[in-house]
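Notes to accompany the following structure.
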Amino acid sequence: MIGRLAETFLPTETTSRRVEILPSLMCADLLRVADQLARLRTVGVRHLHIDVMDGSFVPNFMFGTTMVQQLRRNTDFRLEVHLMTRTQETHVDRFLEAGAHVIQFHPEAADAPGDLIRRIRRQGASPGLVLQPALPLKILDPWLDALDHCLLMSAPPGFAGQAFDLKVFDRIRRLADLRSKRALDFEIGCDGSVRRHHLRRIVKAGADRIVVGRVLFDTGRSLPDSLNDLRRLCHKAAEPASTRSSPGPTE
Ligand code: DX5
Ligand code: ZN
């Protein structure tokens with residue numbers, strides 16, 4: 001059981017708000033994934049981002065229910081599924097059965113997003129919606145008060161390693177404004193081709209969680225070092241102005 005090794009490691013008290021970093025499993029070395037997850041656990045990673053692709057909603061294939069099942073059985077990570085499928089009730093049910101804690105899907109890929117959101121919550125998991133860069137924020141409007149998560153993509157869904165869409169900074173900011181105006185409490189996430197030099201602006205715009213793929217797994221450094229480097233940059237950006245010394249890496 002890859003389990004509770006170092007909960008106390010998380011230096012969150014010094015920052016005004018918490019920023020969660022979520023490794024994207026599809027960018028891990030899948031032939032060494034158990035070892036990589038154990039290393040990430042030693043530095044307090046608790047949430048995993050799991051991309052599911054059906055070759056139809058996006059022209060690519062990625063994890064299924066078996067991976068979620070095995071992670072649930074053998075680890076204590078919070079399993080956050082990103083469904084890039086023509087999302088039917090059956091898909092949601094299968095991933096809930098497999099043990100997903102969070103299910104996020106693309107509203108344009110579902111016939112009745114509201115019903116799916118209620119179904120996810122009724123079965124004890126957290127519902128979220130994902131918005132690809134090409135679609136306007138207002139698409140999320142009808143369901144914002146029913147969500148725990150809004151994931152704004154900073155690259156088109158389907159592949160890691162694409163160009164980062166700089167428009168996401170303004171979209172995060174506008175969504176955060178909307179959230180406070182309506183006194184809602186969903187968490188705002190950013191997913192897709194995030195690089196080190198994007199972190200400060202993503203955090204400053206108001207994001208609470210950041211999905212990291214290649215910027216974590218493809219650095220040539222140890223995973224704990226890479227993760228701590230990203231965490232340091234996020235916490236620096238989240239620090240209240242009064243406690244901050246230097247600004248961090250620029251564009
Ligand atoms: C892409 C996925 C992302 C991806 C992130 O469609 O939704 O989660 O794995 O990996 P990077 O950050 O390397 O693009
Ligand atoms: Zn994703």
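The values are calculated or read from the model by the stated rules, or taken from the named source; none is laboratory data. These figures come from a predicted structure and were not determined experimentally. Counting neighbours? That spans all protein chains shown, and the Cβs are built from the backbone with ideal geometry, glycine included. For accessibility, only protein heavy atoms count, side chains too; no ligands or nucleic acids. Shrake-Rupley method; radii C 1.70, N 1.55, O 1.52, S 1.80 Å.
Observations
- Positions within the stretch 30-67 being closer than 30 Å to A109 by Cα, assigned to a helix (DSSP H, G or I) and away from ligand 1 (no atom under 15 Å from the Cβ), in sequence order: T65, T66
- Selection count where residues are farther than 17 Å from E187 by Cα and either at pLDDT below 95 or within 15 Å of ligand 2 (Cβ to nearest atom) (or both), scope the stretch 70-91: 9
- Filter result for the condition that a residue is part of a strand (DSSP E or B) and within 16 Å of ligand 1 (Cβ to nearest atom), over L135, L151: L151
- Residue check, A163 small (G, A, S), within 16 Å of ligand 1 (Cβ to nearest atom), on the phi < 0 side of the Ramachandran plot and free of Cβ contacts under 8 Å to residues at least 40 places away in the same chain: yes
- Test result for V68, closer than 19 Å to P113 by Cα and among the β-branched types (V, I, T): no
- Subset tally (residues that are within 16 Å of ligand 2 (Cβ to nearest atom) and in contact with a Cys (Cβ under 8 Å, 6 or more places away or on another chain)) for the stretch 180-197: 3
- Within the stretch 99-124, being in a loop (DSSP other than H, G, I, E, B), surrounded by fewer than 21 Cβ atoms within 10 Å (Cβ to Cβ) and at pLDDT 95 or above holds for G99, H101, Q123, G124.
- Residue in the stretch 166-186 that is buried (at least 17 other Cβ atoms within 10 Å of the Cβ) and of a type in the set (G, A, S) present: no
- Here S154 meets each of (1) among the hydroxyl-bearing types (S, T, Y); (2) over 22 Å from S56 (Cα atoms); (3) within 13 Å of ligand 2 (Cβ to nearest atom) with one exception, condition (2).
- Selected residue (criterion: farthest from ligand 1 (Cβ to nearest atom)) from residues of the stretch 184-209 that are farther than 20 Å from Q162 by Cα and small (G, A, S): G206
- Criterion (open to solvent by less than 10 Å² (accessible area, probe 1.4 Å), away from ligand 2 (no atom under 14 Å from the Cβ) and not aliphatic (A, V, I, L, M)) met by exactly one of G44, G128: G44
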